[in-house]
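For reference, the structure discussed in these notes is given below.
The values are calculated or read from the model by the stated rules, or taken from the named source; none is laboratory data. Bear in mind that the values here come from a model prediction, so they are computed numbers and not experimental data. Glycine also receives a Cβ, built like all others from the backbone with ideal geometry; neighbour counts cover every protein chain displayed. Ligands, DNA and RNA are stripped out before the accessible areas are found, and what is left, the full protein with its side chains, is counted by its heavy atoms. Shrake-Rupley method; radii C 1.70, N 1.55, O 1.52, S 1.80 Å.
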Amino acid sequence: MAGTADMAAGTGGAATALRLVLKRLGAGLVTMLLVSAVVFTVSSLLPGDAAQETLGQSATPEAVAALRQQYGLDRPAPERYLRWLGGLAAGDPGRSLVANMPVAEVIAGRLPNSLLLAGLTAAVSVPLALLVGILSAMRQDSRLDRGLNIATLAMVALPEFLVATLAVLAFSVELRLLPSIAMVKAGAGWGETLRSLAMPVMTLSVVVVAQMARMTRAAVIAQLGQPYVEMARLKGLGPARVVFAHVLPNAVGPIVNAMALSLSYLLGGAIIVETIFNYPGLASLMVNAVASRDMPLLQACAMVFCGAYLLLVLAADVVAILANPRIRQG
Amino acid sequence: MPAPGTAVPGIGYHVEVSGLRITAPRPDSGEAVIVHDVSFAIPRGGVLALIGESGSGKTTIALSLMGHARPGLRIAGGTVRVGGTDVLSLDAAGLSALRGARVAYIAQSAAAAFNPSRAIMDQVVEAAVLHGLMSRAEAEAKAVALFRSLALPDPESIGRRYPHQLSGGQLQRLMAAMALVTGPELVILDEPTTALDVTTQVEVLHAFKRAVREQGATAVYVSHDLAVVAQMADRILVLNQGRVREQGPASQVLKAPADDYTRTLVDAARPAARPAAPAAADRAALLEVRGLTAGYGRVGADGMPAVPILRDVSLSLRRGGTLGVIGESGSGKSTLARVIAGLVRPSGGQVLFDGAPLPPGLEGRAKDQFRRIQLVFQNADTALNPAHTVAGVLGRPLGFYHGLDRAARERRVRELLDLTRLPAAVAGRRCGELSGGQKQRVNLARALAAGPDLLLCDEVTSALDTVVGAAILELMAELRRELGLAYLFISHDISTVRATCDEVLVLYGGTVVEAGGRDAFRRAPFHPYTDLLVGSVPELEPGWLERRRAGAPVPSLPGPPGAGLCRFLPRCPVRLAGTCDRVPPPRRRLSAGNETLCHHDEDTLMRLQATRAEAAC
Amino acid sequence: MTDAAAPLARTGAPLAWARSLPLTGKLGLALVLLWLAVAALGPALAPHAVGAFVSPEVFARPGAAHWLGTDYLGRDVLSRLLSGARYTVGLALAAALLASGTGTALALLAAVGGRWLDEGLSRLMDTLISIPSKIFALVLVAAFGSSLPLLLLVAAVTYVPGAYRIARSMAVGLYQMDYVQVARARGEGRLYVARAEILPNMVGPLLADFGLRFVFIVLLLSGLSFLGLGVQPPDADLGSLVRENISGLPEGASAILAPALAIASLTVGANLLIDAVSGKGRR
């Protein structure tokens, strides 16, 4: 068994890893395609199409028909889907009915804000979550661990509008420290931007840190029960060395996966936070699109969020593949 | 090694344990005592074996020598002294300094005890470097020297590999190197060969014994296997449910046990041969397998699946007969049972039951065919549904096959419990609440409930303690006499098979390398693999390991053999260059009635194996 | 470890079981039972009619007349809360049952139905699961609107893939168990294998998962209502109550805090209970 894989282990392993990564990428693209079909189908199931919506109830049937033709809505569904898909691939997902401008432009105006919010939240919450998760795993069943367990358990179940409301009451109404509206002004300095984003970031972090910390703890604890950990302890290694040199390399996969899931939530899940703080992000744009039934915009937003999710999951998969010597070393 | 375990006057013992008490705190207050006031002492360089069945506390005691208690356990009292250090009074830093440096541990499953994400060498030298005993370069040099003395292949480069790239026997030896690299004064070996195939076990035992002796270390050897312990230890301490039953020099404990419990253990370790079924060569075959091929993946043009598990297997089992199938892990023996039961679809060949061909999968089999063939799995923990009661488990086949009503089912369940020597009260219990032996009896009773003609028994005793397993075998022999059942008895253990079965079949790499009556398996000539197998079973006698023919191990050939060639070729000690690696081996019938798949003829095999003729009786 | 196998439902009398929970579990159980009782009896306990304008003062502070104060139109917050809880708890409970039931049924089907069925179902569910749940719910609401039955359906459909994934991984694992193989080799049909051999061993984790889905759905539905896309006036669930009183935020009105805290106490309580119950199994 042993003598065979020896020679080519290095190069064979790299090739295996590359093949696996490409396979995941391919699977991701297929999923994206299927998602687009689901989104398109669901969002064009009901009557009351865009032309009617734009012109209102009082429009003459002729006018509606004309606009329908202009939008290509008189075409059969498969053809419309393919045309939409082609546009999507080319970066042109159609025209927003409400804003009456290309969807791509509308999204381009909001995406940087969303990325800024998500990026800041990630920068705050990932280290915090790792710290909390690893600490409570190392002190399993201690008072600290139990306390953190109850705290994170409560935090993942809190509705965001409660967290946001309490934050506004505390920092804006009572202490008057932070603005309750998170407008990003063009040309505002970094300090001002950070100040205005403090509360949204805080609110989002509450939920995300709790989620990631719990999953990190679970991943570390799952490894702590393994015989190789007992072996490491019986070699006289201290707890820190056991966790950092032995446990973490094996827990990377699940931890990174948990991070990806939680971070993907930062884009789409920010809906309520964006609404409360009046933050002009992509999620609140999508809520508006739902309220106004602006289907092209809605579809495009949904695809952006799904794409982000798949990208993050793919990144996590790649990290997990590279961290696993079974694959890396063939 | 110094003279066995008697204390030299004036010289203190190296390891002294007295009044050791280990408890398990229970949630409902109170404590369960796991180890009761255990005391023993080992002179410097001595080897003490802790022997006992599961739950005897042997591993728990061994770990306490390092001041370690597994989660849920607590060292509640007593003292442990290693070379003058009071281990139980050490603080965390003191324990850290002791473990891995002065006292080293070799775990049961090296495959699990090595970190899968780190290269072997990193792990082997870690303790030595971290304890500041030597530089990394020195530690690596010492490790390579140990790899060499443990007869590991490629000692220079094996450290760069990862655990998943190595075999179980290699990992177990690497773990010994990891333990010995710091030059510990005490080594604890915790069932270090239990997870290995018997042919690998011998080599590993050899390597361990030499390496420990070269170090001059004191050793504690934990095992359930008396025959293995007989090879390794000067003194034996017999444990039962956390209490010392007996301790003394190895030969005395094995030859003249003073304690009743020890006597039971010793007796169970020597399986008594059971009388063969009344001669019945005239009876028609109940089960016949012809040219069976099975595996996973796409089936190629030659009829072979991409990953073949069974290749051209044929066998025949007559009504009321017993056929033992022997093989090591990966030999395909369990797959054989699954194919016959219909759980795995063969890619070629035929299974005939009572003269009629069985449909290859589950689909198309008649209820009566299902009823007449019953499977009994190795591990009763997983073979019984924990959500069901015993009555439910036994009642289902009664209702399913025989359409019995509620009252008739209850009556029959009581009879079945009685038949398998279980108290009637277990009927209402859930399967998870029973002991291991009871579960295996229920497992048997369920198969009997169907009223079968053939039981496919897959390693039915290997998950059980020896004494319990012996009782199950006894029960199975009785049932067979009473009910006229036929058994296909799958096992990795040739001595059990020889004792219980009329016919024996040896599988290697999915091919039948030898088949015949059980008497043919008592003396040479054998197929070379059977020879290796027979010669690898340790005997209950100190010195067997040394006396065992110590031919230099033949280097393994890399890679699997080509299509059609002998599967044993890479490991065969008597392979013929130019023949075995070119031409598929023929089947030969030997004079004892057994059939081998080998290029060597009877006389050659006889000559090669002469030294062991009669030895295996 | 072995005790973990004993399913939750069978741990004896309910009272003894409740007593055996750790403190946090008891608190969680009490909160969950409280909200179930409120959902069942709420409107009957309410001191005022839901829509009645009972006070000239808007955003009144809690007092003897109105225990939780009044809302932005001078209605009694307690009364509105009691009736809003019925929508929140009832809808979420029904949707969670639907989601877990459907997910489990499909998972069992995939486990015993052979490779192609499993592949097909799993592929579909993997696709649906890569649409983040809130986004999926928004698309569904945009397409179908937000009447009560549709909201229920939206919430259920959104969480079927998650329930399926958990249940399938359990069912496929159990399908490999020896006792399932024994049942198959006995000639048992697929439905029997799924129902009698596999399902009973999934009950514990399935209940825990059901609890989690319930929490998610409460949060989703309240979130939708808070955005104005959920329960529509004149009906109001707890999320709607937060939304309609949002203008009271600067004065810290109880009309906005009370429903938000009500939701939190329900979801946190459920989470504490689930953690205590599954933690008990683990130890």
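Some values worked out for this structure:
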{"item": "Cut-off 13 Å (backbone N to label point 7 Å along Cα→Cβ of C:S247), residues of region C:52-73", "result": "C:58-59, C:71-73"}
{"item": "Region B:343-416 versus region A:128-160: alpha-carbon centroid distance in Å", "result": "49"}
{"item": "Average accessible area per residue (Å²) across the protein assembly as shown - probe 1.4 Å, nucleic acids and ligands excluded", "result": "41"}
{"item": "Helix A:143-157 axis, angle to chain A major axis (alpha carbon atoms, nearest 10°)", "result": "10"}
{"item": "Set of aspartates and glutamates near B:K209 by C-alpha distance (under 20 Å), chain-local residues within fewer than 8 positions excluded", "result": "B:E185, B:D190, B:E191, B:D197, B:D225, B:D234, B:E539, B:E541, B:E546"}
{"item": "Most to least packed among A:132-145, B:332-345, C:172-185, B:70-83 [average Cβ atoms within 10 Å]", "result": "B:332-345, C:172-185, A:132-145, B:70-83"}
{"item": "FRET E, pair A:T41, C:L73, Förster distance 25 Å, beta-carbon r, rounded to 0.05", "result": "0.05"}
{"item": "Reachable lysines from B:K439, criterion Cα separation under 30 angstrom, eight or more residues apart if same chain", "result": "B:K58, B:K333, B:K367, C:K280"}
{"item": "Anisotropy class of region B:528-616 from Cα gyration tensor, a/c 1.5 cut", "result": "oblate"}
{"item": "DSSP bridge orientation in chain B - percent antiparallel, rounded to nearest 5", "result": "60"}
{"item": "For C:L68, distant residues with modelled amide H under 5 Å away", "result": "C:G63, C:V77, C:L78"}
{"item": "Near-label residues of region B:45-69 by backbone N, under 14 Å of a point 7 Å along Cα→Cβ of B:Q252", "result": "none"}
{"item": "Interface A:B - total buried accessible surface [probe 1.4 Å, Å², rounded to 100]", "result": "2600"}
{"item": "Span from the region B:96-138 Cα centroid across to the region C:89-124 one, whole angstrom", "result": "47"}
{"item": "Interchain or long-range residues, amide H under 5 Å from B:T85's placed H", "result": "none"}
{"item": "Spacing of the two label points (7 Å from each Cα toward its C-beta) at B:V307 and A:W190, in nm", "result": "5.4"}
{"item": "Set of region C:187-207 residues, backbone N closer than 13 Å to the point 7 Å along the Cα-Cβ line of B:K367", "result": "C:187-189"}
{"item": "Accessible area that becomes buried as A packs against C, both chains, 1.4 Å probe, Å², nearest 100", "result": "3700"}
{"item": "Chain A: most fluctuating residue of A:P254, A:P127, A:P200 per GNM, C-alpha cutoff 10 Å", "result": "A:P127"}
{"item": "B:R481 paired with B:R582, simple spin-label distance in nm, labels 7 Å along Cα-to-beta-carbon", "result": "5.5"}
{"item": "Longest DSSP-loop-exposure-free segment, GluC sites (Glu not before Pro), chain B, at most 16 other Cβ within 10 Å", "result": "B:364-613"}
{"item": "Amide H partners (placed H, <5 Å) of B:V47, local residues excluded", "result": "B:G5, B:A219, B:D234, B:R235"}
{"item": "At least 40 Å² of accessible area lost relative to the chain alone, listed for region A:144-177 with a 1.4 Å probe", "result": "A:I150, A:L153, A:A157, A:P159, A:F161, A:L162, A:T165, A:L169"}
{"item": "Shielding by partners - mean other protein chain Cβ count within 10 Å, residues of B:373-381", "result": "3"}
{"item": "Centre separation in Å (Cα based) which lies between region C:213-283 and region B:287-310", "result": "59"}
{"item": "Using a Förster distance of 30 Å, the FRET efficiency for B:R290-C:A196 (Cβ separation, nearest 0.05)", "result": "0.25"}
{"item": "FRET efficiency, 1/(1 + (r/R0)^6) with R0 45 Å, evaluated for B:A425 and B:D91 via beta carbons", "result": "0.35"}
{"item": "Nitroxide proxy distance, nm - points 7 Å out along Cα→Cβ at B:R263 and B:D154", "result": "5.4"}
{"item": "Region A:109-324, accessible surface, carbon-and-sulfur percent (1.4 angstrom probe)", "result": "68"}
{"item": "Span-like helix ranges in chain B, DSSP H, alpha carbon extent 24 angstrom or more, Kyte mean at least 0.0", "result": "B:466-483"}
{"item": "For chain C, built as a Gaussian network whose Cα springs stay under 10 Å, the top-fluctuating residue of C:A92, C:A208, C:A44", "result": "C:A44"}
{"item": "The protein assembly as shown: antiparallel DSSP beta bridges as a percent of all, rounded to 5", "result": "60"}
